[in-house]
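Each remark here refers to the structure printed beneath this line.
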């Protein structure tokens with residue numbers, strides 16, 4: 001009976017749940033793109049790393065000074081992201097900051113050098129999952145090998161999330177935005193093309209409504225090689241007002257240390273329209289404090305309560321092997337979360353009693369018993385005749 005009840009409960013749960021929580025850490029490192037999925041309620045996550053940046057020849061137009069500025073630079077620092085899910089499974093709050101030391105050598109409009117150490121980024125924001133697609137569970141297809149292994153076209157329909165943030169200007173003078181505080185808007189999408197392969201796209205409007213506003217597009221593809229190792233490739237294009245458009249290409253890998261820790265490394269090259277060549281090297285760690293609790297889902301049909309495990313797919317952990325998503329998604333070797341279940345009313349699966357058949361069976365049994373007795377009686381008479389003779 002339990003084998004019949006469990007799938008029914010699971011199907012009911014899928015219809016009403018948009019859970020974000022995953023058994024393994026859901027980190028957006030080492031890529032610059034983000035997933036539409038949140039980390040889950042009462043999960044507190046820190047993603048940090050170190051980077052080294054070498055800027056070849058950065059040329060832009062300063063609208064305030066009304067002159068062209070060009071410099072080369074070397075920088076190193078750390079970037080840290082704090083993430084937590086609160087109130088709703090689909091809602092996440094985050095804080096992005098970067099602490100950086102940079103040395104610049106200017107060639108235009110005059111030759112001089114300057115350096116700065118401090119915050120180069122401090123952005124607070126919130127992300128919300130707007131839409132989550134549903135995919136066919138092909139593991140239950142047993143009649144057709146072709147149907148079991150065919151591509152589900154619904155996987156072309158992405159999950160969609162929106163982001164709203166605020167860029168603060170509590171930064172070092174070298175990195176301040178002349179426009180002061182500025183908003184940041186983004187649309188995140190995710191396609192789980194298979195249990196191993198995920199594609200992310202981000203459309204971002206940063207420092208909006210200022211002279212330094214920039215629009216960017218990010219496309220990231222991730223693939224799980226094993227249950228521990230995953231790799232990614234990423235392309236990003238920036239479109240700005242007073243700065244040449246940048247085109248960035250990056251690649252890297254992530255390693256799942258355990259369910260709550262992920263390590264990563266990456267390398268990037270950046271090109272712009274005027275010959276600026278920049279490379280960026282980085283590596284880091286993602287760690288979470290998991291205080292998530294599964295919700296009690298009440299079945300409306302029979303008013304029974306069942307405690308269910310929540311599951312999801314996300315970025316860098318959005319595929320079934322634990323590394324790299326969002327979403328929609330599990331490995332056979334992955335430890336399942338221990339959950340308790342309350343008693344559920346059961347019904348007998350025995351077929352209903354057929355009274356006519358029961359009467360016929362009793363009548364037939366009586367006839368057989370009577371025939372057996374008559375046979376034994378005839379045998380006794382025959383034995384007595386043999387004794388007298």
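The values are calculated or read from the model by the stated rules, or taken from the named source; none is laboratory data. None of these values were measured; they are calculated from a predicted model. Cβ coordinates were reconstructed from backbone atoms using ideal geometry, including for glycine residues, and neighbour counts include every protein chain displayed.
A quick yes/no check of all residues on (1) part of a helix (DSSP H, G or I); (2) at pLDDT 85 or above; (3) out of contact with any helix residue (DSSP H, G or I) (no Cβ under 7 Å at 6 or more places or on another chain):
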| position | (1), (2), (3) |
| --- | --- |
| 334 | no, no, yes |
| 338 | no, no, yes |
| 342 | no, no, yes |
| 362 | yes, no, yes |
| 369 | yes, yes, yes |
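Return the residues of the range 202-226 that are surrounded by 18 or more Cβ atoms within 10 Å (Cβ to Cβ) and within 16 Å of residue 247 (Cβ to Cβ); say none if nothing qualifies.
Listed by number, the residues that qualify are 202, 204, 214, 216, 218, 220.
Can you tell me which residue in the range 177-193 is nearest to residue 150 (Cα to Cα), limited to those that are in contact with a helix residue (DSSP H, G or I) (Cβ under 8 Å, 6 or more places away or on another chain) and outside any loop (DSSP other than H, G, I, E, B)?
So, considering only residues that are in contact with a helix residue (DSSP H, G or I) (Cβ under 8 Å, 6 or more places away or on another chain) and outside any loop (DSSP other than H, G, I, E, B), the one nearest to residue 150 (Cα to Cα) is 192.
For the range 19-69, which positions are within 24 Å of residue 179 (Cβ to Cβ), part of a loop (DSSP other than H, G, I, E, B) and at pLDDT below 90?
63, 64, 65, 66
Check the range 130-153 and report whether any residue there is crowded, with 18+ Cβ neighbours inside 10 Å, under 23 Å from the mean Cα position of the chain (by Cα) and under 24 Å from residue 280 (Cβ atoms).
Within the range 130-153, not a single residue is crowded, with 18+ Cβ neighbours inside 10 Å, under 23 Å from the mean Cα position of the chain (by Cα) and under 24 Å from residue 280 (Cβ atoms).
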